[in-house]
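Heads up, the thing below is written out as structure tokens.
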Amino acid sequence: MYKLIALLFLAITASAQSSIPALIPAPQTLEPGTGRFAITAQTRLAILTPVADIRRMVTDNLPGIPTSDVPKLTKAITVRLAPIAGVGPEGYDLTITPTGITLTAPEAAGLFYGLQTMRQLMPVAKTFRGQSIPALHIRDQPRFGWRGLMLDVSRHFFDKAFVKRYIDQMAQYKFNVFHWHLTDDQGWRIQINSLLKLTEAGAWRVPRTGSWGTIENPQPGEVPSYGGFYTQDDIREIVQYAQDRHITIVPEIDMPGHMMSAIAAYPGLTCGKKQVLVPTNGKFYKLEDNTLNPCTYGTYLFIDKVLTEVAQLFPGPYIHIGGDEAYKGFWTTCEECKATMTVNNLKTVEELQSYFIKRVEKIVQSKGKKLIGWDEILEGGITPDATVMSWRGMKGGIEAAKQGHPVIMTPSQFCYLDLYQGEPSAEPSTYSMARLSTSYSFDPVPDSVRADLILGGQGNLWTESVPNSRHAEYMTWPRAFAIAEVLWSPKSKRSWPDFIGRMEAHFKRFDAQDVNYARSVYNPIVTLKKNSTGITQVVLSHELPDTYLYYSTDNTVPDTHFPLYTQPFLLPKGAERVKVIAYRNGKPIGKMVEVMLPTVAKAVQ
Ligand code: ACM
């Protein structure tokens, strides 16, 4: 009997021990093994390559484990570069047994991703020594080669330390592109040595807090004290930091629109040459000209100077030239533009925009770089070698791919990290909605196009309503977990309930790193819907599986003694609000959401 209990106990502990820690993104294949590998004071790293950068990368990612060049070590962590059949440059093979770990990859990038996986397999702890990892075999590689996040540092400025922190977070989840939105109307953030006024004047605006839509314009006499920029040394440091984490930076200089901060420094860049201030909001759109004059040599000289330095600073193959939301109204009344349109037989301002983008592409190419632009660059005819970043849904990307162009899919409804992620009354104010489950359901490859033209996708954090770095993290995570998995893992591996479990494990990892992720996914969703007879019905839902929603309609605080939601219901006569709370495993989760009739919603903190 005792023996039986002991055996049973052993079986239980063995199965608990072999449970695989949560990995995000999920690997291509994973076979659990038996037992664990323990990291002790005797454990050594055998790095079977003399390449100094790789040796440093391995020791940086597995801190506290000494290296040894003694041949045939036992119980070692062996890291080696070697081809693996069917595994591309970012793939790797990780074999963990009780007697050793072997990480193999054809290239340094694959080793880096294997190391990130190993780090996720370790418990959350400051030191690896004394920890153990479950035996397993992982063969892994990404679904897409472009796995990006974009950070807008213009609308609000994020300093060098935060940019590095953000890149560090990205690297843990196997993102490999950092799209750096460096310029926009509200701030020019990259020092250009041949045009120093861009940062002397363009990087600063008068300070404001408040909701973006209602922020007051600069008033006479106010000092432009809010802002900042990156020196070229800062940029070189960040580029190196990203390179060390196998992240390519794609710098964006947004043109011909979104240029107000440059125009504030150099008013001669517009048709009207009017002196302007760096704006504090977006209210000037279509009223003040924030668009480069595409019909004067000076504009192209300016672009050449900027892109010369951008190309020197960023070793990656691409320069993103924006191209989005250019208001062309001021071009229609510009004498230079009228002449340019006549001479070049351009019928519309869209064709004039296309003329501009084509000239810019020549400049980009003259610096040895490739052009990327937002999907507006399709308007009026696309440049021949451009890569299109589709943001207004998938349609721009589909159109571009049908014309044979490479595409990065970043449709706003799935990928915009500045949108609400949960019940708006429980969130800082922004616009529109991209729930975590919506981001997780994103598929970058539409049926109708050649899959090889879809390079991948990316999450975009615009920062009009993101005034500080803690909120930047809050808006990014956990939606960027979802996007990381969409872009890395095989589509067949995707499972929402499974992802949620892993996400919660990674919340704990982020707690240990003091990263500020959002818990919005725990909040109930309340929708008021008019039925066929015009009567308002209340529909309750929740993004997480296995949740129970309890509600009140009499302005009291619901708990499990209140009605359990099972189907849409009508509000009783006289009721003016619904309060809802979600329970999981018998415990309340998230915030209580309160919706007032007819549509006013308010969350109780
Ligand atoms: C964009 O959101 N304007 C690209």
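The values are calculated or read from the model by the stated rules, or taken from the named source; none is laboratory data. Note that the structure is predicted; figures quoted are calculated from it, not measured. We place every Cβ from the backbone using ideal geometry, glycine too, and count neighbours over all the protein chains shown. We work out accessible area using only protein heavy atoms, side chains counted, and drop any ligands, DNA or RNA first. Shrake-Rupley method; radii C 1.70, N 1.55, O 1.52, S 1.80 Å.
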Scope region 173-196; condition assigned to a strand (DSSP E or B) and closer than 20 Å to ILE247 by Cα; matching residues: VAL177, PHE178, HIS179, TRP180, HIS181, ILE190
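Determine if region 131-138 includes at least one residue that is polar (S, T, N, Q), touching a strand residue (DSSP E or B) at 6+ places or on another chain (Cβ under 6 Å) and touching a residue at least 60 places away in the same chain (Cβ under 8 Å).
Yes, the conditions are met somewhere in region 131-138.
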Flag if PHE144 is open to solvent by 50 Å² or more (accessible area, probe 1.4 Å) and either under 21 Å from the mean Cα position of the chain (by Cα) or under 30 Å from GLY268 (Cα atoms) (or both): no
For region 104-144, the count of residues that are among the aromatic types (Phe, Trp, Tyr) and closer than 17 Å to LYS75 by Cα equals 1
Meets criteria (surrounded by fewer than 21 Cβ atoms within 10 Å (Cβ to Cβ) and touching a Lys or Arg at 6+ places or on another chain (Cβ under 7 Å)) for SER425: yes
Residue by residue through region 371-408, note down the ones that are farther than 19 Å from GLU325 by Cα and surrounded by fewer than 17 Cβ atoms within 10 Å (Cβ to Cβ). PRO384, ASP385, LYS402, GLN403, GLY404
Filter result for the condition that a residue is without any contact (Cβ under 8 Å) to a residue 24 or more places away in the chain and farther than 18 Å from GLU107 by Cα, over PRO66, PRO25, PRO21: PRO66
Would you please name the residue that is most open to solvent (accessible area, probe 1.4 Å), looking only at residues in region 200-229 that are under 12 Å from VAL278 (Cα atoms) and not in a loop (DSSP other than H, G, I, E, B)? GLU200
Report, by residue number, each residue of region 121-136 that is closer than 20 Å to PRO25 by Cα and surrounded by fewer than 20 Cβ atoms within 10 Å (Cβ to Cβ). MET122, PRO123, VAL124, PRO134
Here are some conditions: (1) more than 16 Å from the ligand (Cβ to nearest atom); (2) touching a Pro at 6+ places or on another chain (Cβ under 6 Å); (3) small (Gly, Ala, Ser). GLY316 meets all but one. Which one does it not meet? (2)
One residue is enough: does region 73-87 have a residue meeting the conditions open to solvent by 60 Å² or more (accessible area, probe 1.4 Å) and at pLDDT below 95? yes
Determine which member of the set THR348, THR340, THR332 is more than 14 Å from the ligand (Cβ to nearest atom) and buried (at least 18 other Cβ atoms within 10 Å of the Cβ). THR340
